[in-house]
Amino acid sequence: MDLSRFGKALAAAWERRTALRVRTDAYRLLNGAASGTPGLIIDSFAGHLVAYAYEKDPWVLQPGFADALAATTGAQSMALIDRGAKDESGREGGRILFGDVPEKAEVREGPLRFRVHPRHPRNVGLFLDTRRLREWLSGECVAQDALNLFSYSCSLGIAAGYGNSGNVVNVDVSARYLGWGKENLALNSLPEERMRFVKMDSGKYLDWAAKKGLGFDVVILDPPSFSRSEAGTFSFAKDYFRLAGACVRLLRPGGRLFAMTNYGGITPDRFRAQLETAIATEGRRIQAFARVRLPEDFDGAEDAGPSASTPAVEGTLLGFEARLV
Ligand SMILES: C[S@@+](CC[C@H](N)C(=O)[O-])C[C@H]1O[C@@H](n2cnc3c(N)ncnc32)[C@H](O)[C@@H]1O
């Protein structure tokens with residue numbers, strides 16, 4: 001990519017995000033090919049840029065590119081995570097392209113605040129692709145009990161708790177990530193008594209909650225494609241729809257299941273069909289089914305494939321909301 005083509009793509013992307021920047025300072029500035037910058041994704045967190053380069057010799061390292069980014073965006077710092085590197089070197093810590101990349105920063109998203117770690121190569125702490133769901137949760141989830149499985153830094157749980165008189169339960173196997181969720185809770189000054197943090201395998205929690213006869217109005221299922229923990233392994237292929245069925249068991253009448261994945265091996269059509277089967281197997285009927293859309297700063301990446309029957313790209317959010325009768 002030459003510098004002048006890059007400058008044009010960057011200027012256009014910056015312009016397209018003008019309205020979004022009023023709502024949030026955590027957004028995707030460039031989304032690879034969808035933004036005209038193949039092999040390069042850049043996220044912006046409170047003026048600190050984190051770039052992910054997927055090619056062997058990242059062209060963004062050539063003279064002029066970082067200057068163009070600083071000049072257009074006014075960013076304070078920029079880190080590069082080299083995802084094209086064969087060895088682990090680029091993955092261990094970001095290479096700093098300019099400025100002081102802070103260990104921790106605070107971002108705003110509408111009325112919400114989140115702690116992020118811009119230096120961390122894998123765990124910045126906030127998934128930008130689920131922003132639309134957070135917006136829905138923080139605005140519409142009122143007087144509803146919500147269950148947030150595989151909660152990570154609990155951004156979806158915090159959004160569900162905002163302005164909500166119901167209870168929110170976050171479940172994760174990692175005490176460290178739940179601790180991060182507690183930091184996010186404190187940042188948002190939400191009532192502690194209505195937000196629970198449970199260190200447990202999500203599958204085990206679902207079984208336990210069913211035995212206890214617990215019910216929820218909203219259940220969020222957004223696991224990694226694969227994970228290994230002391231509780232065993234989770235894999236999309238083996239476990240996803242079994243867990244989706246167990247989520248359905250806990251949903252009250254009129255309840256909503258938000259079922260999402262970043263797994264690349266399934267088409268949207270097939271994902272939807274298997275969710276429908278899981279719901280029907282539990283003897284429940286669907287009132288409405290809708291796609292969880294990627295936010296505008298992903299520049300239409302979910303529509304890049306030729307049809308709904310093309311497998312999703314690994315790492316791209318695929319999600320549906322099923323509202324039950
Ligand atoms: C990809 S993130 C989930 C993203 C999250 N839903 C969000 O919105 O930020 C992966 C999280 O799943 C957790 N995890 C992995 N396996 C788990 C399991 N079997 N039960 C509960 N949590 C698990 C990890 O500790 C990590 O926090």
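So for region 74-94 (the condition being more than 21 Å from Phe6 (Cβ to Cβ) and within 15 Å of the ligand (Cβ to nearest atom)), does at least one residue qualify?
No - not one qualifying residue is present in region 74-94.
Consider only pairs whose beta carbons are under 8 Å apart and that are at least six residues apart or on different chains; among these, list those whose first residue lies in region 168-186 and is surrounded by fewer than 24 Cβ atoms within 10 Å (Cβ to Cβ) and whose second residue is assigned to a helix (DSSP H, G or I) and among the charged types (D, E, K, R).
Close Cβ pairs (under 8 Å, with a partner that is assigned to a helix (DSSP H, G or I) and among the charged types (D, E, K, R)) amount to Leu185/Glu192.
Got at least one residue in region 124-138 being more than 8 Å from the ligand (Cβ to nearest atom), surrounded by fewer than 17 Cβ atoms within 10 Å (Cβ to Cβ) and more than 27 Å from Gly265 (Cα to Cα)?
No, that holds for no residue.
Whether any residue in region 60-80 is closer than 25 Å to Ser153 by Cβ and hydroxyl-bearing (Ser, Thr, Tyr) is what I want to check.
For region 60-80, residues closer than 25 Å to Ser153 by Cβ and hydroxyl-bearing (Ser, Thr, Tyr): present.
A short reminder: the numbers here are calculations on the coordinates, not readings from a lab. In this text, all values refer to a predicted model and were calculated from it rather than measured experimentally. Every residue, glycine among them, receives a Cβ derived from its backbone with ideal geometry; neighbour counts consider all protein chains shown.
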